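Trainee: Structure in structure tokens, see below.
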Amino acid sequence: MIITQKAMSRRTVLRGLGASVTLPLLDGMVPAYAALRATATPAQRLGIVYVPMGAVMENWTPATEGAGFELSPILQPLAPVRDQLLVLTGLDNQPAVALPGEPAGGHGRIGAAFLTGVHAKPTEGVDFRAGVSIDQIAGAELGRETQLASLEVGLESTDLAGACDVGYSCAYVNTLCWRSPTTPLPMENNPRAVFERLFGDSDSTDSTARATRLRRNRSLLDSVRGAVSDRRRELGTGDQVRLTEYLDAIRDVERRIQLAEAQSDRELPLFERPAGSIPESFEEYARIMIDLQILAFESDMTRVITFMIGKELSSRTFPELGVPDQHHPLSHHQNKPESLEKLTRVQVFQAGLLAYYLERLRSTPDGDGSLLDHMTLIYGSGMSNSNLHVPLGLPILVAGGGAGTLRGGRHIRYPEGTPLSNLYQTVLSKLGVPVERIGDSTGMFRELSGV
């Protein structure tokens, strides 16, 4: 077959002053004939979003099962994306349960086991040991076609060392991601550092070097303006609009980061401030980090991102929600109605951040669909009852279309004792990354695709 219209490469980038901006998937990057476009396999992506210290399960779990379920109070913000949402009830992370004689602290075990399905070694030293996390398993395969195998971001400082939980190293709560059983990966919480990792022109995030680069080039996009103009001449009208929107999105994120940096010397009362220059508003901070992830997916810089909204033992407060209590102490609610109501408020807010993430994915075109259509996103926490550190019956959601492998709009209840790792083994298989076993997995689910 002869193709008369030349296709642009997905690897095409705009360059200037040593910086590069990878282009999103444009119509001009695929063969001209619709028949060929229809047979193209869309890139699948994996997103993981973690919230710490469980959920108020009576306010999380839908009352009914199947397609006719009603969203629970905590899940109400997700109503606009309900059709691409699976609520999974009854999944256990048994490897996070304490073995006889182990330290009572549960947060270290829970963080380490959530994506690995492996029981962490109790230690307060550097001889920590867990397992390889599912994001790294996926990244090893999906990252063959991207510049970054995976991206790990969070909204809290992870610069603590030593012991964070009784008997457990801070390594177990600072991250969810493990490249090997003894190699935890840092979660980047500085928006500027994430931006420069994706689009910057230097491996250094040193503040002096960064200031020098910013003076030399006030906006990364200014350095590639000429290249953009040249490239636009090769594009159709739709691609020109798409490229303009994409570059505007990058510019907007950088503008917001610069604004946050200009405000970085201001005192931020009432809530713990993560390291790095961040917006005064925690919600704005979270949205910037979400928007950076959208850009990373859209430009195909990576197809695997783990996002830790909060870490176990978080001391963050939420004064903007009328919750001045630190999150961790509040999570030990002792079944007090006032504490449960405050926790519910926090968890509704977190669900709202997820809703923003999913709606941004849904509104971002990707090939013949949207990023959300080609995404499998897992949202959840490593415990259910935070008062007792219970890692069973977890609050878990799966969102997205999975490139046709997922059918949302349902609440699925699994039998007691079903391993969370079964979900991971299923998801990896659907991503084209088959594995024999993940942690304590015992098999795969058929229900996610509606079969």
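Trainee: Of all residues in segment 319-348 being in contact with a Phe, Trp or Tyr (Cβ under 7 Å, 6 or more places away or on another chain) and hydrophobic (A, V, I, L, M, F, W, C), which is nearest to Gly404 (Cα to Cα)?
Mentor: Within segment 319-348, the match that is nearest to Gly404 (Cα to Cα) is Val346.
Trainee: Here's a follow-up. Hey, among the residues in segment 105-136 that are among the acidic types (Asp, Glu) and surrounded by fewer than 21 Cβ atoms within 10 Å (Cβ to Cβ), which one's nearest to Ile438 (Cα to Cα)? It would help to see each step written out before you state the result.
Mentor: Of segment 105-136, the ones among the acidic types (Asp, Glu) are 124, 127, 135.
Now drop any that are not surrounded by fewer than 21 Cβ atoms within 10 Å (Cβ to Cβ), which leaves 124, 127.
Values: Glu124: 26, Asp127: 23 Å.
Out of the qualifying residues, it is Asp127.
Trainee: Suppose the filter is assigned by TED's automatic domain parsing to the domain that holds Met383, of a type in the set (Ser, Thr, Tyr) and in contact with a Gly (Cβ under 7 Å, 6 or more places away or on another chain); does Thr116 pass it? Spell out how you get there, then give the answer.
Mentor: Working: assigned by TED's automatic domain parsing to the domain that holds Met383: yes; of a type in the set (Ser, Thr, Tyr): yes; in contact with a Gly (Cβ under 7 Å, 6 or more places away or on another chain): yes.
So Thr116 passes the test.
Trainee: Mind counting the residues in segment 79-127 that are touching a residue at least 40 places away in the same chain (Cβ under 8 Å), part of a loop (DSSP other than H, G, I, E, B) and over 25 Å from Leu185 (Cβ atoms)?
Mentor: Qualifying residue count, segment 79-127: 1.
Trainee: Sticking with this one: If the Cβ limit is 7 Å and pairs must be 6+ apart or interchain, which residue in segment 383-401 that is closer than 21 Å to Leu448 by Cβ pairs with which residue that is among the aromatic types (Phe, Trp, Tyr)?
Mentor: Listed pairs, sorted by first residue: Pro395/Trp60; Leu397/Tyr379; Ala399/Tyr379.
Trainee: Looking at segment 166-179, which of its residues are farther than 14 Å from Val126 by Cα and either in a strand (DSSP E or B) or under 15 Å from the mean Cα position of the chain (by Cα) (or both)?
Mentor: Step one: filter segment 166-179 for residues farther than 14 Å from Val126 by Cα, giving 166, 175-179.
Thr175, Leu176, Cys177, Trp178, Arg179 - these are the residues of segment 166-179 that are farther than 14 Å from Val126 by Cα and either in a strand (DSSP E or B) or under 15 Å from the mean Cα position of the chain (by Cα) (or both).
Trainee: Which members of segment 362-379 meet the condition of being out of contact with any His (no Cβ under 8 Å at 6 or more places or on another chain) and more than 17 Å from Gln293 (Cβ to Cβ)?
Mentor: Of the residues in segment 362-379, the ones out of contact with any His (no Cβ under 8 Å at 6 or more places or on another chain) are 362-365, 368-379.
Those that are out of contact with any His (no Cβ under 8 Å at 6 or more places or on another chain) and more than 17 Å from Gln293 (Cβ to Cβ): Asp368, Gly369.
Trainee: Go through segment 345-399 and give me each residue that's part of a strand (DSSP E or B) and among the small types (Gly, Ala, Ser).
Mentor: Within segment 345-399, Gly369, Ser370, Gly380, Ala399 meet the criteria.
Trainee: Can you name the residue in segment 98-113 that is among the small types (Gly, Ala, Ser) and more than 14 Å from Glu124 (Cα to Cα) and, of all such residues, is modelled with the highest pLDDT?
Mentor: Filtering first and then ranking leaves Ala113.
Trainee: Residues that are assigned by TED's automatic domain parsing to the domain that holds Lys430, closer than 21 Å to Ser133 by Cβ and crowded, with 18+ Cβ neighbours inside 10 Å: does segment 358-374 have at least one? Can you show your working first?
Mentor: Of the residues in segment 358-374, the ones assigned by TED's automatic domain parsing to the domain that holds Lys430 are 358-374.
Checking which are closer than 21 Å to Ser133 by Cβ leaves us with none.
So far as segment 358-374 goes, no, none of its residues is assigned by TED's automatic domain parsing to the domain that holds Lys430, closer than 21 Å to Ser133 by Cβ and crowded, with 18+ Cβ neighbours inside 10 Å.
Trainee: Within segment 304-344, how many residues are part of a helix (DSSP H, G or I), in contact (Cβ under 8 Å) with a residue 60 or more places away in the chain and among the hydrophobic types (A, V, I, L, M, F, W, C)? Working first, answer last.
Mentor: We begin by selecting, within segment 304-344, every residue part of a helix (DSSP H, G or I); these are 319-321, 327-331, 337-344.
Adding the requirement that they be in contact (Cβ under 8 Å) with a residue 60 or more places away in the chain leaves 327-328, 331, 340, 343-344.
Okay, now just the ones that are also among the hydrophobic types (A, V, I, L, M, F, W, C), so 340, 343.
Qualifying residue count, segment 304-344: 2.
Trainee: When residues of segment 380-404 are filtered for being surrounded by fewer than 17 Cβ atoms within 10 Å (Cβ to Cβ) and within 26 Å of Glu359 (Cβ to Cβ), how many remain? Give the steps one after another, and end with the answer.
Mentor: Of segment 380-404, the ones surrounded by fewer than 17 Cβ atoms within 10 Å (Cβ to Cβ) are 388, 404.
From what's left, within 26 Å of Glu359 (Cβ to Cβ): 404.
Matching residues across segment 380-404 total 1.
Residues are listed down the side, and each one gets a yes or a no for (1) under 30 Å from Thr302 (Cα atoms); (2) over 15 Å from the mean Cα position of the chain (by Cα):
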site	(1), (2)
Asp325	no, yes
Pro365	yes, yes
Leu377	yes, no
Gly380	yes, no
Val390	no, yes
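The values are calculated or read from the model by the stated rules, or taken from the named source; none is laboratory data. Everything numeric in this text was worked out from a predicted model, so none of it was measured. Neighbour counts run over all protein chains shown; Cβ positions are idealised from the backbone, glycine included.
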